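Undergrad: I'd like to ask some things about the structure below.
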Amino acid sequence: MTLRESAPMTEAQARLLSPLQLAHLGDTVWELLIRSRLVYRGCNVHHMHQQAVAGVNAAAQALALSRLEGRLSEAEEDVVRRGRNAHARHPKPRHQDAADYQAATALEALMGYLYLSGQEERLLALFQISQREEETCPK
């Protein structure tokens, strides 16, 4: 089962989208994965909120992307490069490092690309690699 209104795109179709389009969707995919992980771990709602905020900011996403270095395919590296070089028409959020913000956009573009092209197994594998194991959550 997948949360998809239409059949997946081909990889070629997904690569034709702008990196910001991919990142737009990838941001939501990333947050869903982070929040789902917290629910499955049995965290209480307060802790879930704190950890979700900590896991979806630019610095955390930049760190997650750094954990994927050397593990991406050529096509995935291309999506990451395009995402890192994309220029949104809005200013970067305050209190975020510009390099972290670019890396976060790159990670989100990768997540969007993998989701749209139907590569959920690969997406989940990379998500798991990108996360460090944490202690269990308070109930």
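Undergrad: Just one of the numbered conditions (1) assigned to a loop (DSSP other than H, G, I, E, B); (2) at pLDDT 95 or above is not true of His95; which one?
TA: If we test His95 against (1) assigned to a loop (DSSP other than H, G, I, E, B); (2) at pLDDT 95 or above, just (2) comes out false.
Undergrad: Follow-up. Right, Gly70: surrounded by 16 or more Cβ atoms within 10 Å (Cβ to Cβ) and modelled with pLDDT of 95 or more or not?
TA: no
Undergrad: Could you go through the range 10-25 and let me know if any residue there is buried (at least 18 other Cβ atoms within 10 Å of the Cβ) and β-branched (Val, Ile, Thr).
TA: No.
Undergrad: I'd like to verify a number: residues in the range 1-14 that are under 22 Å from Glu77 (Cα atoms) and in contact with a helix residue (DSSP H, G or I) (Cβ under 7 Å, 6 or more places away or on another chain), how many?
TA: 4
Undergrad: Moving on to the next point. Take the residues in the range 40-52 that are more than 25 Å from Ala99 (Cβ to Cβ) and crowded, with 17+ Cβ neighbours inside 10 Å; name whichever of them is modelled with the lowest pLDDT.
TA: Cys43
Undergrad: Scan the range 21-29 and give yes if some residue there is touching a residue at least 12 places away in the same chain (Cβ under 8 Å) and farther than 12 Å from Gly112 by Cβ, otherwise no.
TA: Among the residues of the range 21-29, not one is touching a residue at least 12 places away in the same chain (Cβ under 8 Å) and farther than 12 Å from Gly112 by Cβ, which makes the answer no.
Undergrad: Any residue in the range 99-120 that's in contact (Cβ under 8 Å) with a residue 40 or more places away in the chain and polar (S, T, N, Q): show its pairings with residues that are buried (at least 24 other Cβ atoms within 10 Å of the Cβ) and in a helix (DSSP H, G or I) at Cβ separation under 6 Å, as long as the two are six or more apart or on different chains.
TA: Thr105/Ala23; Thr105/Gly83
Undergrad: Next up: Criterion first (among the aliphatic types (A, V, I, L, M) and either buried (at least 18 other Cβ atoms within 10 Å of the Cβ) or under 16 Å from the mean Cα position of the chain (by Cα) (or both)) does Ala106 satisfy it? Step through it out loud before you land on a result.
TA: Working: among the aliphatic types (A, V, I, L, M): yes; either buried (at least 18 other Cβ atoms within 10 Å of the Cβ) or under 16 Å from the mean Cα position of the chain (by Cα) (or both): yes.
Criteria met by Ala106.
Undergrad: Applying the selection to the range 37-71, what residues are assigned to a loop (DSSP other than H, G, I, E, B) and without any contact (Cβ under 8 Å) to a residue 12 or more places away in the chain?
TA: Glu69, Gly70
The rows are residues; the columns are (1) at pLDDT 95 or above; (2) among the charged types (D, E, K, R).
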{"site": "Leu16", "(1), (2)": "yes, no"}
{"site": "Trp30", "(1), (2)": "yes, no"}
{"site": "Leu38", "(1), (2)": "no, no"}
{"site": "Ala54", "(1), (2)": "no, no"}
{"site": "Glu74", "(1), (2)": "yes, yes"}
{"site": "Gly83", "(1), (2)": "yes, no"}
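Undergrad: Charged (D, E, K, R), touching a Leu at 6+ places or on another chain (Cβ under 7 Å), in a helix (DSSP H, G or I) and surrounded by 13 or more Cβ atoms within 10 Å (Cβ to Cβ): is that true of Arg82 in this structure?
TA: The answer is no for Arg82.
The values are calculated or read from the model by the stated rules, or taken from the named source; none is laboratory data. Just so we're clear, the structure is a prediction, and the values are computed from it rather than from any experiment. Here the Cβ is made from the backbone with ideal geometry for all residues, glycine too, and neighbour counts use every protein chain on show.
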